[in-house]
Amino acid sequence: MPPLASPLAAPLAAQLAAPLAAPPDNYKLWGGCFEEEPSDVLRRLNDSLGVDVRLYREDIRGSKAWAQELHRSGHLSDTDNQAIQTGLEKVEKDIEEELSHKTRLCDPEEDIHSVVERRLYKYAGDAALRLHTARSRNDQTVTDAKLWMISAFQKLQDEILRLINVITTRAETEIDVIIPGYTHLQRAQPIRWSHFLLSYAWMLRDDVLRLQEQKNRLSLCPLGSGALAGCAITIDRERLAHSLGFNGVTPNSMFGVGSRDYIVEFLNWASLCGLHLSRLSEDLIIYSSQEFGFIQFSDQFSTGSSLMPHKRNPDGLELVRGAGGLLLGDAFTFSCILKGLPSTYNKDLQSDKEILFRSYDKLIDCLKVTNGTMKTMMVNAEKGTSLLDTGMLATDLAYALVRRGVPFRRAHHFVGAALKRALTLGVDLQHMPHEEYLAICPEFGREEDIQKVFSWEASVEQYTTVGGTSRAAVQHQIDLLRAWLQDYPLTCNCQVSGVICDIVHANINVLKYIIRIEIAISFFRMIAEIKTMALLAACILIPAVLSQYNNPIEIASGIADTDQSHLRYISNEDIGYMKNLIDAYRNYRRLATDFEVPHDQDTKYQVWKRNADIINTLLGIPRRMLIVGR
């Protein structure tokens with residue numbers, strides 16, 4: 001007798017045989033057992049699309065890698081994998097175009113993961129419904145965030161390296177400027193201005209090293225951890241991780257989805273870097289005040305008063321100084337969120353990306369403002385020297401007594417007595433009568449010996465040991481930093497690909513030096529012979545537009561402003577044309593360098609679209625220049 005047919009068997013078989021249902025317009029990755037929609041107030045609190053839209057590239061990249069791994073492991077057919085890969089590429093293009101035109105997504109979904117999957121269904125059909133096999137948003141969102149942070153780390157590192165390079169260049173150029181050094185904000189000893197600048201370069205170098213240390217711990221891929229228990233199907237997590245550029249995998253699935261130590265570490269690092277920028281800002285603000293007045297900020301990084309016409313305010317650095325406190329607050333805030341959480345994923349962790357993006361945006365803007373301020377400020381060497389007073393050489397007098405055999409503590413006491421006597425007489429140390437010195441301590445010696453002490457250059461030059469402020473010691477610091485910077489080449493973030501980008505990178509360093517010497521004409525002849533005059537201009541000016549190098553505009557200006565006698569093969573009209581291109585770059589400078597507009601989303605694509613006209617113009621350097629070259 002055959003078994004009785006279950007009343008549920010037929011309907012269930014019919015369901016399995018039926019095609020997969022299309023996702024609704026309001027696509028959710030959950031909700032099968034829910035009958036009611038979340039309340040509006042919960043939606044407002046829960047939905048994160050406005051924040052995590054910045055992760056759309058990383059989400060698509062992770063999804064493509066996940067589909068590929070499912071395919072390699074035998075859990076996804078060739079047809080479905082191809083449909084998903086092609087569909088995700090179309091989704092990425094759609095989102096890019098929508099963000100470039102509207103600056104936001106209007107999808108009703110709660111997060112970027114839902115948006116990508118729902119849009120994928122439009123292109124890949126039922127194959128899209130297989131993408132999430134054995135994957136959870138818990139491991140997906142952590143993977144997206146880590147991928148984004150790896151890219152963000154490189155951008156932050158590049159900005160810090162640019163700032164260190166600016167500081168080092170100024171230190172080398174202004175090595176002979178001597179200013180007062182301060183402790184307790186009181187005049188202490190003469191130092192080289194360069195020595196002061198380099199003290200911050202070393203702080204920033206340590207920031208780069210700390211960032212590098214974080215990258216090793218960050219580069220463990222959590223994808224394949226599932227919700228918390230791991231992956232229920234057989235996949236190769238190591239292969240998956242390496243396909244995404246990670247160095248390895250998280251060793252424990254609960255740790256993989258629940259840990260946010262990498263964000264805590266980044267926020268703490270950002271607060272420390274912000275602290276360094278804040279202290280530098282404070283020093284520069286003080287030095288720019290009328291009471292000190294030996295530096296002046298450019299108009300680009302200063303503002304005025306709505307009431308007092310004479311005011312020139314260092315608002316840029318004041319904002320950087322204030323941001324240091326905000327960065328510290330973000331680090332503390334997120335640690336407070338984590339402190340009381342039970343293991344694995346809790347929705348409290350959704351705030352991680354909001355705080356992460358906010359701190360990143362704030363810090364990278366601060367680095368750019370500080371970089372621009374440092375690059376464009378003016379230093380008044382004479383005013384710096386005028387702030388020196390002979391009392392600052394009291395320590396040098398003590399050293400002079402020590403060299404004559406007086407114990408330092410006694411020498412310190414004798415010089416203190418000399419300072420008191422000079423104050424009583426109403427003179428400074430340099431002009432106090434010689435007999436007054438001898439009355440205090442005969443070891444002060446001859447008057448000419450005492451007067452030799454009163455030299456700012458001699459004072460700074462006596463500190464010859466490593467880390468000192470003598471010329472040789474400061475130059476040694478500069479050389480060390482230059483050598484270290486060579487190990488950290490700046491990463492190209494430009495969107496130009498192929499031969500143009502390759503030639504830009506290959507020739508930019510050469511051009512920096514060729515243009516500054518009088519053999520530039522030979523270089524132009526060579527370019528003309530191979531009929532690539534336009535490419536030369538591209539090599540010079542594309543990096544300027546894309547701001548990939550420290551002073552690209554100076555390179556372009558170096559050609560445009562060069563005396564005609566050195567460029568006999570270039571006509572006045574051609575030089576004028578290049579000047580117009582440089583002016584066009586200057587007008588677009590803020591847009592072209594600011595690849596990441598803060599707040600809502602990453603807008604590299606949007607900025608590239610707006611700059612396309614400039615690039616096309618550069619690549620269209622007039623054909624007649626080739627004729628001139630011949």
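The values are calculated or read from the model by the stated rules, or taken from the named source; none is laboratory data. The model shown is predicted, which means the values in this text are computed figures rather than measured ones. For neighbour counting, all protein chains shown are included, and Cβ atoms are generated from backbone atoms with ideal geometry for every residue, glycine included. Just so you know, the surface numbers come from the protein's heavy atoms only, side chains and all, with ligands and any DNA or RNA stripped out. Shrake-Rupley method; radii C 1.70, N 1.55, O 1.52, S 1.80 Å.
Overview of values
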| item | result |
| --- | --- |
| Any hit, segment 177-193, residues being surrounded by fewer than 22 Cβ atoms within 10 Å (Cβ to Cβ), within 20 Å of the chain's Cα centre (by Cα) and free of Cβ contacts under 8 Å to residues at least 24 places away in the same chain | no |
| Residue that is open to solvent by less than 50 Å² (accessible area, probe 1.4 Å), assigned to a helix (DSSP H, G or I) and touching a residue at least 60 places away in the same chain (Cβ under 8 Å), where the choices are D80, D144 | D144 |
| Of all residues in segment 474-489 being surrounded by fewer than 13 Cβ atoms within 10 Å (Cβ to Cβ) and charged (D, E, K, R), the one that is farthest from E172 (Cα to Cα) | D487 |
| Within segment 288-316, considering residues that are without any contact (Cβ under 8 Å) to a residue 12 or more places away in the chain and open to solvent by less than 80 Å² (accessible area, probe 1.4 Å), the one farthest from A201 (Cα to Cα) | M308 |
| Filtered residues of segment 297-349 (kept if among the small types (G, A, S), under 19 Å from the mean Cα position of the chain (by Cα) and farther than 30 Å from D261 by Cα) | G316 |
| Residue within segment 328-348 that is among the small types (G, A, S) and within 28 Å of D283 (Cβ to Cβ) present | yes |
| Residue count for segment 175-198, restricted to those that are closer than 16 Å to D389 by Cα and of a type in the set (G, A, S) | 2 |
| Yes/no for A128 being within 30 Å of the chain's Cα centre (by Cα) and outside any strand (DSSP E or B) | no |
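Results for (1) surrounded by 14 or more Cβ atoms within 10 Å (Cβ to Cβ); (2) charged (D, E, K, R), shown as yes or no for each residue.
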{"residue": "D396", "(1), (2)": "yes, yes"}
{"residue": "H413", "(1), (2)": "yes, no"}
{"residue": "G426", "(1), (2)": "no, no"}
{"residue": "Q430", "(1), (2)": "yes, no"}
